[in-house]
Amino acid sequence: TDSHLRHVDSMALLPSGAGAIQHLNAVILGEALASEENDLVFPSPGFSSQALISSPEKYGEMYRRSIEDPAGFWSDIASEFYWKQKWGEQVCSENFDVRKGPVSIEWFKGGVTNICYNCLDRNIEAGFGDKVAMYWEGNEPGFDDKLTYNELLDKVCQLANYLISVGVKKGDAVVIYLPMLMELPIAMLACSRIGAVHSVVFAGFSAESIAQRITDCKPKVVITCNAVKRGAKVIKLKEIVDAALTECAQNGCPVDVCLTYDNKLAMDRESTVWKDGRDIWWQDVVPKFPTKCEVEWVDAEDPLFLLYTSGSTGKPKGVLHTTGGYMVYTATTFKYAFDYKQSDIYWCTADCGWITGHSYVTYGPMLNAASVLIFEGAPTYPDSGRCWDIVDKYKVSIFYTAPTLVRSLMRDGDQYVKRYSRKSLRVLGSVGEPINPSAWRWFYNVVGDSRCPISDTWWQTETGGFLITPLPGAWPQKPGSATYPFFGVQPAIVDEKGNEIEGECSGYLCIKRSWPGAFRTLYGDHERYETTYFKAFPGYYFSGDGCSRDKDGYYWLTGRVDDVINVSGHRIGTAEVESALVSHPQCAEAAVVGVEHEVKGQGIYAFVTLVEGVPYSEELRKSLVAVVRSQIGAFAAPDKIHWAPGLPKTRSGKIMRRILRKIASRQYDELGDTSTLAEPQVVQQLIDLADV
Ligand code: PRX
């Protein structure tokens, strides 16, 4: 039997426990402040009674079916979408076990569909044509726009027709490097309409990072814009793309077309760098194309998009998602985890450059015909009340963000929040890193006025959608816990040897069976896919996260256990930062570790040794930080450079990161055994230089 099923059964008993009744009474009496003493935070009876999943029993029933009959469970849901042709006999076929052959995952194979059609045409046919699909709020207050589902379809078709006209065909890659303009989801949908594979690159990545991704997936077309304003700063995106394209052309990977959106609010056309013959203004060509474009019908297992993410080695991994399973999974997780209703106004603060913006700004919400808010700017511009100003302006009811923003707003003070009513809010969400209980409570008590459940969704670029998440209204929450697995997800906590541990425990978080939204491979490197995710614990998908499960079966994520740092919810590989640092001519060696950071969750702490004879200086520190900015992007800039005459290494030359982590967090009395070091004295040197 499945261990989680047993937890589910015992959870059904939860609300009848003595402590629980006390909490329930507190809720009814309006005293439901989530405080240090309150371990469980119950949804209000009013919330639960209207919720899609209104009790642990209801969840238990659906969860049980999803595990015992995954094919039946997911087929029923998939049937709500439009399929040109239904999938074959086998709903899912998978091999998770490398010992039995190549890892493979397939869902709805043989089914023929199109995700753009399901986001737009299908919803329009169902009567949502005049419903607002996207609200757009610009960087400057007072600048806004919106598109209905009908209008969005027209725009998507025009761009799709343009892409066809320049030769983009089914299966071709298109790289998109855009800020949060409506044109970003439009570009994604235009690609999926014609079966092209989009690869969105977050518009904070450097030219080098773009070039690396272009070289890997060889797109015909790159879509960008001239510039964007974020807060008070203008960022000239086209210049960055230009540098990337020049590099790609020199390396034998030329790009034919660079479609450039003219973002007039940030910059004028005349001062934009330009290459005739390759570059073309979006506004000059796209609006001339017809607003109707036939859909390219694709197999459920045809690729939908590539998204590069950091791993523990230097080279980013091209995570590949396919069409059918991803569609069904993102739509379903969105609906249940946010208790979505057609009257909701939904705002996710993530950028479409990350997976959250793919699954929960674009596809998941639009598959549900939701009204989605797209925000171009910075959440603290012009001041720290901007988010709540926007919430009131659009009557946002579901607000999904990252703990780093919660902590930063919390630090700025309650007055910015209290200035606004926020009474439209109904459900809050958190993603990207563990949310610490004090930030959870502030989010719950101050932002949500102790009224809105928080969906702390645990998932990854690789998983496509939520794997462990609260279902608001179904069961009480515990601040800081992602609670329970979503339908069809079987988590397993394993020990170092790969043995599954039952009951209350901690260990490595793995998943036992596939779910429809799982990634299918790493682009061009299936072997790395198997090695990274399926070889550590054969028979399981290994997430790279540590986790514990408490006596009530709640899951608590504890962070990465590999060499990946999570900075403000962004995954950064230590090896990537190290290779950027050592490319500096005066840097001999670098070792990067994560260190606790009050706002960002983790900060980047870099130990560097210098080339013989080079003195350390403030100027050199700056140029080391600059090299990381220019090779990866500003978001990966180290918070601290620690000059080191030598690094602690074993006699075989391996850097002892365990010791570096302790030094970085100034836990000098927890250094542990240093006797195996080749040169034990370097430890004291490092401590002495810590604040130089
Ligand atoms: O460590 C986990 C953390 O973010 C990692 C995935 O990062 P990425 O692929 O960039 O996707 C971020 C958005 C899904 C995970 O391995 N993580 C994400 N959500 C949570 C989390 N850690 C704890 N709690 C979460 N809710």
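Quick note: the coordinates plus some simple rules give every number you see, no bench work behind them. Keep in mind it's a predicted model, so treat the numbers as computed, not measured. Virtual Cβ from ideal backbone geometry, glycine too; neighbours counted across all protein chains shown.
Figures for the structure shown
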| item | result |
| --- | --- |
| Mean projected area (nm²) of the alpha-carbon convex hull when segment 631-673 is viewed from all directions | 4.4 |
| Magnitude of the charge dipole, the chain, Cβ model with Lys/Arg +1 and Asp/Glu -1, debye to 20 | 440 |
| Positive-pole candidate from H4, P476, L425, dipole of the chain, charges at beta carbon | L425 |
| Helix-only mean residue ellipticity at 222 nm for the chain, each DSSP H run of n ≥ 4 adding -39500 (n - 2.57), per residue, nearest 500 | -8500 deg cm²/dmol |
| Order of T532, T313 - criterion: other Cβ atoms within 10 Å of each residue's Cβ, fewest first | T313, T532 |
| Cross-link pairs beyond the 22 Å C-alpha cut-off, checked among K264/K393; K315/K535; K58/K478 | K264/K393 |
| Geometric extent, Cα atoms of segment 344-451 - Rg, Dmax (angstrom) | 13.0, 37 |
| Rel. contact order, % - alpha carbon contacts under 8 angstrom, at least six apart, the chain | 14 |
| Gain upon complete extension [T215, Q685; 0.36 nm per residue less C-alpha separation] | 165.0 nm |
| Cα-Cα P(r), segment 221-368, percent of pairs per 10 Å interval | 9, 25, 35, 26, 5, 0 |
| Partner aspartates and glutamates for K335 [C-alpha distance under 16 Å; skip if fewer than 8 residues away on the same chain] | D76, E80, D344, D456 |
| Pairwise label distance in nanometres, W297 with Q460, each label 7 Å out on the Cα-Cβ vector | 3.6 |
| P(r), alpha carbons of the chain - 20 Å bins starting at zero, rounded % | 17, 52, 28, 2 |
| Convex hull (Cα only) mean projected area of segment 72-115, reported in nm² to one decimal | 3.7 |
| Dipole of the chain [Lys/Arg +1, Asp/Glu -1 at C-beta], most positive-end residue of G72, V168, G311 | V168 |
| D (Stokes-Einstein, µm²/s), Kirkwood Cα radius, segment 507-652, 1.306 mPa s at 10 °C | 90 |
| Size of segment 247-301 as Cα extents on the principal axes (Å, biggest first) | 42, 33, 20 |
| Between segment 248-282 and segment 461-509, the Cα center-to-center distance that results, in Å | 45 |
| Span from the segment 379-437 Cα centroid across to the segment 561-609 one, whole angstrom | 29 |
| Check: segment 206-268 dipole with +1 on Lys, Arg Cβ and -1 on Asp, Glu Cβ, in debye | 300 |
| Simple Cβ-charge dipole of segment 344-433, Lys/Arg +1 and Asp/Glu -1, about Cα centre, in debye nearest 20 | 320 |
| Distance histogram for segment 444-511 (every C-alpha pair counted, 5 angstrom bins, percent rounded to whole numbers) | 3, 15, 20, 22, 18, 10, 7, 2, 1, 0 |
| Over segment 580-692, relative contact order from alpha-carbon pairs under 8 Å, at least 6 apart, % | 25 |
| Isotropic mean projected area of the C-alpha convex hull, segment 216-271 (nm²) | 4.3 |
| Furthest towards positive pole of dipole, T356, Y59, G613, structure part the chain, Cβ charges | T356 |
| Segment 297-456, relative contact order in percent, only Cα pairs under 8 angstrom and at least six apart counted | 18 |
| Listed peptides 248-261, 557-570 by packing density, highest first (mean Cβ within 10 Å) | 557-570, 248-261 |
| Percent of Cα pairs exceeding the 13 Å cut-off, where the set is segment 101-146 | 72 |
| Spacing of the two label points (7 Å from each Cα toward its C-beta) at D673 and Q50, in nm | 6.1 |
| Span per principal axis, largest first, for the Cα atoms of segment 472-578 (Å) | 42, 31, 28 |
| Taking N as its residue count, the alpha carbon Rg of segment 138-263 over 2.2 N^0.38 Å | 1.05 |
| Estimated Rh, segment 563-607: Kirkwood, alpha-carbon pairs, angstrom | 10.7 |
| Equivalent-ellipsoid semi-axes of segment 396-555, from the Cα gyration tensor, Å, largest first | 33, 17, 14 |
